[in-house]
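The values are calculated or read from the model by the stated rules, or taken from the named source; none is laboratory data. Fair warning: this is a prediction, and the values are worked out from it, not measured in the lab. Counting neighbours? That spans all protein chains shown, and the Cβs are built from the backbone with ideal geometry, glycine included. Protein only, heavy atoms only, side chains kept; ligands, DNA and RNA dropped before computing areas. Shrake-Rupley method; radii C 1.70, N 1.55, O 1.52, S 1.80 Å.
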2 protein chains.
Amino acid sequence: MNGRSALRLAKLQEALASGGTLHLRDAAELCDVSEMTIRRDLTTQDTAISLLGGRLVMANYPGVTPIYDLTEQQASHYQAKYRLCQRALAYIEEGDTLFIDCGSTLMPLLSQLSHFRELTVVTYALNVANAVAALPNVRLVLLGGLFYATSQSFGSDNMTAAIERLGINKALISAAGVDLERGVSCFHFHEVAPKQAAIATAMQRLLVVDASKFSVVRPAYFAALDDFDVVVTDEEGAPQLLKKNGRVVPEIVVPTVTVA
Amino acid sequence: MNGRSALRLAKLQEALASGGTLHLRDAAELCDVSEMTIRRDLTTQDTAISLLGGRLVMANYPGVTPIYDLTEQQASHYQAKYRLCQRALAYIEEGDTLFIDCGSTLMPLLSQLSHFRELTVVTYALNVANAVAALPNVRLVLLGGLFYATSQSFGSDNMTAAIERLGINKALISAAGVDLERGVSCFHFHEVAPKQAAIATAMQRLLVVDASKFSVVRPAYFAALDDFDVVVTDEEGAPQLLKKNGRVVPEIVVPTVTVA
DNA sequence: GCGTTAATGTTAAAATTATAACATTTAGTG
DNA sequence: CACTAAATGTTATAATTTTAACATTAACGC
């Protein structure tokens, strides 16, 4: 180890702390050493900075891109979610006030919202908030509280009251399990209050779930299937799936199962 | 424009949404097109993905490294902030419940919090929340509301009540202006309520400002200098600055001006 | 179905980045 | 003050990425 090396890394780390990248050339100049020395610092020492195409970037750093390569499989999962969201998008109209549920299901929808002139999004999820915060045309209301890392969302005891005060137009709800008899469920109990409150106040309720969630029951029940006006799903088989497995779903339960 | 191109980008965007990088080679395989096509998508279309050393990374995307090159000057600015935060760090103790103000001043502090065993952070800023959300040892409480992009923070009418309910130990407050006669001020009015509430409830109040903020007045006044227990600043000259320019600062106003 | 245009693929050359080997400087020691 | 070893610098070479030009394929209108 070397004191100077550590000093250089600290300097570079702070330069990169709030994001951005630093070209190796500039980093070398900044520290007044050769590029090779910076290279060696980065490989020799234990550091959070990694070198990516000649540029220094922060890795494994809070809020900043961790540098690891996604496998193709990981990446390809998003296709299904994307298609699902494209269908949900059809229900969104100019000027809507949307409640967007937590989870990864609705994420692909968010970037599409930039095509509207003006919208409002209400959410209790950090990942959703981040995606929406980047859209200048969308007003963002985040319902805060204690952060739950597993679902990237917040929970608080006055979530229900906070949601009821808002004029939510359409609620886009996701779920981890949908079962004809046992209803709609999710993994985490703190999600129940916001989901139920949104369902209660929204004028239109959309359940957005891919077909793999059907006939699945998860720990936290939050709604019956017929609490929703629309079920947006991705596979042709899904409506059948809803009709089999127990008894036939009343027409009114899934008035608009959207199938491609 | 091209529908397929947009589809590919959406797919890639979703793949990268949760961070990580994707090698151009893998991105091409994933979309079943040549690397050149992906390259063209990225340069032709308006997208948040950028190519860095042969890898796709999310740019200008919430919570993820924006890809722009820091100038040497910009880079060296962070040194000052880092040193400032190092001093503020000295006041933080194991188990504390910290109120962390919005702005960029306190950001370098957050990564240092990983060295504690257990802490709680209360904030109303999105960038702070993102940084803290990544720390497994820190409990995060985010005070939500309507999002203000200019300060990356939230404002709501029950912010004061929400803060008063929390047992905040130490308040770390930043400011855009500090003046002996005109007090401590910031740019945005929605920041006033949370700052004041935190100052009111916290057991210890720290004003963390670099010396460039002294003798500056900004639109939104929120506190007098002697509302704080400690002023953490970065330059040797700062205490003098506080004493000049009007009259002498009473000893009690700045009980612990921390100087290197 | 043919012609036209846009989209995509292929290839080779140019530019950039990474690696390795060796030269030089610097710091510490007796 | 010389000797040693670590740290840093330099150079050449290899690998990779970028760019540009041109070939091919697919989509669309008439």
Any chance A:VAL138 is in the same structural domain as A:ASP226 (by TED's automatic domain parsing) and in contact (Cβ under 8 Å) with a residue 40 or more places away in the chain: no
Residues located in the range A:167-192, provided they are out of contact with any helix residue (DSSP H, G or I) (no Cβ under 9 Å at 6 or more places or on another chain) and among the acidic types (Asp, Glu): A:GLU181
Any hit, the range B:89-108, residues being surrounded by fewer than 20 Cβ atoms within 10 Å (Cβ to Cβ) and on the phi > 0 side of the Ramachandran plot: yes
Residues satisfying the stated conditions in the range B:192-210, i.e. more than 17 Å from B:TYR91 (Cα to Cα) and open to solvent by 10 Å² or more (accessible area, probe 1.4 Å): B:VAL192, B:ALA193, B:GLN196, B:ALA200, B:THR201
Residue count, the range B:20-49 (criterion: free of Cβ contacts under 8 Å to residues at least 40 places away in the same chain, surrounded by 14 or more Cβ atoms within 10 Å (Cβ to Cβ) and away from DNA strand D (no atom under 12 Å from the Cβ)): 7
Scan of the range A:177-198 for residues that are in a helix (DSSP H, G or I) and not aromatic (Phe, Trp, Tyr), ordered by number: A:HIS190, A:GLU191, A:VAL192, A:ALA193, A:PRO194, A:LYS195, A:GLN196, A:ALA197, A:ALA198
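Within the range A:4-53, which residues are of a type in the set (D, E, K, R), within 12 Å of DNA strand C (Cβ to nearest atom) and in a loop (DSSP other than H, G, I, E, B)? Show your work before the answer.
Step one: filter the range A:4-53 for residues of a type in the set (D, E, K, R), giving A:4, A:8, A:11, A:14, A:25-26, A:29, A:32, A:35, A:39-41, A:46.
Checking the rest, the ones that are also within 12 Å of DNA strand C (Cβ to nearest atom) come to A:4, A:25-26, A:32, A:35, A:39-40.
Result: A:ASP32, single match.
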Which numbered condition A:PRO62 misses (of (1) at pLDDT 70 or above; (2) within 11 Å of chain B (Cβ to nearest Cβ); (3) under 20 Å from the mean Cα position of the chain (by Cα)): (1)
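Has the range A:157-167 got at least one residue that is buried (at least 24 other Cβ atoms within 10 Å of the Cβ), in the same structural domain as A:LEU207 (by TED's automatic domain parsing) and closer than 30 Å to B:LEU119 by Cα? Walk me through it before giving the result.
From the range A:157-167, those buried (at least 24 other Cβ atoms within 10 Å of the Cβ) are A:159, A:163; that's our starting set.
Subsequent filtering for residues that are in the same structural domain as A:LEU207 (by TED's automatic domain parsing) retains A:159, A:163.
The next check asks that each one be closer than 30 Å to B:LEU119 by Cα; those that pass are A:159, A:163.
So far as the range A:157-167 goes, yes, one or more of its residues are buried (at least 24 other Cβ atoms within 10 Å of the Cβ), in the same structural domain as A:LEU207 (by TED's automatic domain parsing) and closer than 30 Å to B:LEU119 by Cα.
At pLDDT 85 or above, within 7 Å of chain B (Cβ to nearest Cβ) and under 27 Å from B:LEU51 (Cβ atoms): is that true of A:ASP41 in this structure? Give the derivation first.
On the way: at pLDDT 85 or above: yes; within 7 Å of chain B (Cβ to nearest Cβ): no; under 27 Å from B:LEU51 (Cβ atoms): yes.
So A:ASP41 fails the test.
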